[in-house]
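One structure is given below, encoded as structure tokens.
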Amino acid sequence: MAGEEPRIDPWGTLEVKDYKRLMEVFGIKPIETVFPLLEKAGMKPSVHMRRGIVFGHRDLDRVLEARARGERVAVLTGFMPSGRFHFGHKLTVDQLIYYQRNGFKVFVAIADAEASIVRRIPRREAVRIGVEEYIANMIALGLDPDKTEFYFQTARGTPYYRLAQLFAGKVTAAEMEAIYGDLSPAKIMAALTQAADILHVQLDEYGGYKYVVVPVGADQDPHLRLTRDLADRMGGIIELERPASTYHKMQRGLDGAKMSSSRPDSTIFLTDPLPEARRKLMRALTGGRATAEEQRRLGGVPEACTVYDMDMYHLMSDEELAKIYRDCRSGSILCGECKLIAWERMKALMEEHGSRLEEARKIAWSVVETPRF
Ligand code: SF4
């Protein structure tokens, strides 16, 4: 609605459709504004930045300037171990790999506390999923475990927990309600623990990384805003820098709605058997016309197509993507053929991933300290 502030809820299912409006209201800068700085820091924009999938940032310029000065920089993200690892998760991991290959230290929080208190997942199960689904898949995708600090929230130690406790004295219930809507003790704990996740790597005990970027989906911005405020308010107790963040468009599900592990047909899991993955892709919502004749005459609408999303987020080079776009628009390709091209790419990716995953699973338990319950 015109003039109404977009409300985004990290625990909800709302899709963020109007990214431009989100940027205006919350002061997120276009990602292109850091391209000259990336160059200065000896980096190139990532494929997701070039394609506008990573569309905005806050303070990434400060992190890149620090990197250009030779300071240590880090990237941090968290995953809630509540389901199977899918292509939506891969988007975040691809960004971690991009930063890692450009000299950033990587921290990955496995949010087992949040999984257990907000989603009611038994703790042992959350730990198993965290290691066997999330950490193993991340390593198989190419994240270097030697340069990554994976940790479970409930095994992280006193200084980290102390931060979450101190944060509790720096925010009011009314402020949290304004950000998160309906509150519960579990949600308050989870939000403060997430703020500790983002900020604790600045403490000497965890490496003293003052320049940290957090890549998130646009729906996670409320957490980032709270965390930035908390960093400011800790002055005089502990000096904390505001974290930087980047924002990506969340990949739509194959049915056009939100991608979610809880609706298995909305996504493809990286461990889906190939016939299952193929079935899902071939049934995915496209931007094709009602009949072949109409499509040849009018062309398709790649912007409305979830197969094109897969191509753009995960499967194709710039040249291949440009060709699919042109062929779709001009009506010279029909959806059946186009899906088969996407499937060939996806099959190759999943086969390679499957063999890397076998190796990654052998070491996944050894690269993280698991909670002692
Ligand atoms: S031709 Fe391809 S890109 Fe175009 S709408 Fe069909 S599946 Fe999507």
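The values are calculated or read from the model by the stated rules, or taken from the named source; none is laboratory data. Since the model is a prediction, treat every value here as computed from it, not as a measurement. With ideal geometry, Cβ positions are generated from the backbone for all residues, glycine too; neighbour counts draw on all protein chains shown. Protein only, heavy atoms only, side chains kept; ligands, DNA and RNA dropped before computing areas. Shrake-Rupley method; radii C 1.70, N 1.55, O 1.52, S 1.80 Å.
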In this structure, is residue 112 open to solvent by less than 20 Å² (accessible area, probe 1.4 Å), within 19 Å of the chain's Cα centre (by Cα) and of a type outside the set (A, V, I, L, M, F, W, C)?
yes
Among (1) within 16 Å of the ligand (Cβ to nearest atom); (2) surrounded by 13 or more Cβ atoms within 10 Å (Cβ to Cβ), which single condition is residue 336 missing?
(2)
Take the conditions near the ligand (Cβ under 10 Å from one of its atoms) and out of contact with any His (no Cβ under 9 Å at 6 or more places or on another chain) and apply them to residue 354. Does it pass?
no
Pick from the range 314-331, criterion within 22 Å of residue 298 (Cα to Cα) and in contact with a helix residue (DSSP H, G or I) (Cβ under 8 Å, 6 or more places away or on another chain), ranking: most open to solvent (accessible area, probe 1.4 Å):
329
Check whether at least one residue in the range 320-327 is without any contact (Cβ under 8 Å) to a residue 24 or more places away in the chain, among the acidic types (Asp, Glu) and near the ligand (Cβ under 8 Å from one of its atoms), and report yes or no.
yes
Given the condition over 21 Å from the mean Cα position of the chain (by Cα), part of a helix (DSSP H, G or I) and of a type outside the set (S, T, N, Q), answer yes or no: does some residue in the range 115-123 qualify?
yes
Every residue from the range 358-373 that is closer than 9 Å to residue 136 by Cα and within 23 Å of the chain's Cα centre (by Cα):
360, 361, 364, 365
Which one of these does residue 304 not meet: (1) at pLDDT below 95; (2) under 30 Å from residue 66 (Cα atoms)?
(2)
Of everything in the range 63-91, what is under 21 Å from the mean Cα position of the chain (by Cα), farther than 15 Å from residue 131 by Cα and assigned to a helix (DSSP H, G or I)? Give them in sequence order.
63, 64, 87, 88, 90, 91
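Restricting to helices (runs of 4 or more DSSP H) lying wholly in the range 204-313: which have 2 or more residues that are within 25 Å of the chain's Cα centre (by Cα), crowded, with 16+ Cβ neighbours inside 10 Å and within 16 Å of the ligand (Cβ to nearest atom)? Explain how you work it out, then say what you get.
On the way: elements: 221-233, 274-282, 292-298, 306-310.
Qualifying helices (runs of 4 or more DSSP H): 274-282, 306-310.
Of all residues being open to solvent by less than 30 Å² (accessible area, probe 1.4 Å) and assigned to a loop (DSSP other than H, G, I, E, B) in the range 163-203, which is nearest to residue 98 (Cα to Cα)? Just the residue, please. Spell out how you get there, then give the answer.
Narrowing the range 163-203 to residues open to solvent by less than 30 Å² (accessible area, probe 1.4 Å): 163-164, 167, 171, 176, 180-181, 186, 190-193, 195-203.
With the extra rule that they be assigned to a loop (DSSP other than H, G, I, E, B), the set shrinks to 171, 181, 203.
Working: 171: 34, 181: 34, 203: 25 Å.
The qualifying residue nearest to residue 98 (Cα to Cα) is 203.
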State whether one or more residues within the range 248-256 are at pLDDT below 90 and small (Gly, Ala, Ser).
no
Log entry, pairs with first residue in the range 62-73 being assigned by TED's automatic domain parsing to the domain that holds residue 202, second being in a helix (DSSP H, G or I), beta carbons closer than 7 Å, six or more apart or on different chains, reads 64/34; 64/37; 64/38; 65/37; 68/40; 73/63; 73/66; 73/67
Failed condition for residue 348, given (1) within 8 Å of the ligand (Cβ to nearest atom); (2) within 17 Å of residue 90 (Cβ to Cβ); (3) out of contact with any helix residue (DSSP H, G or I) (no Cβ under 6 Å at 6 or more places or on another chain)
(1)
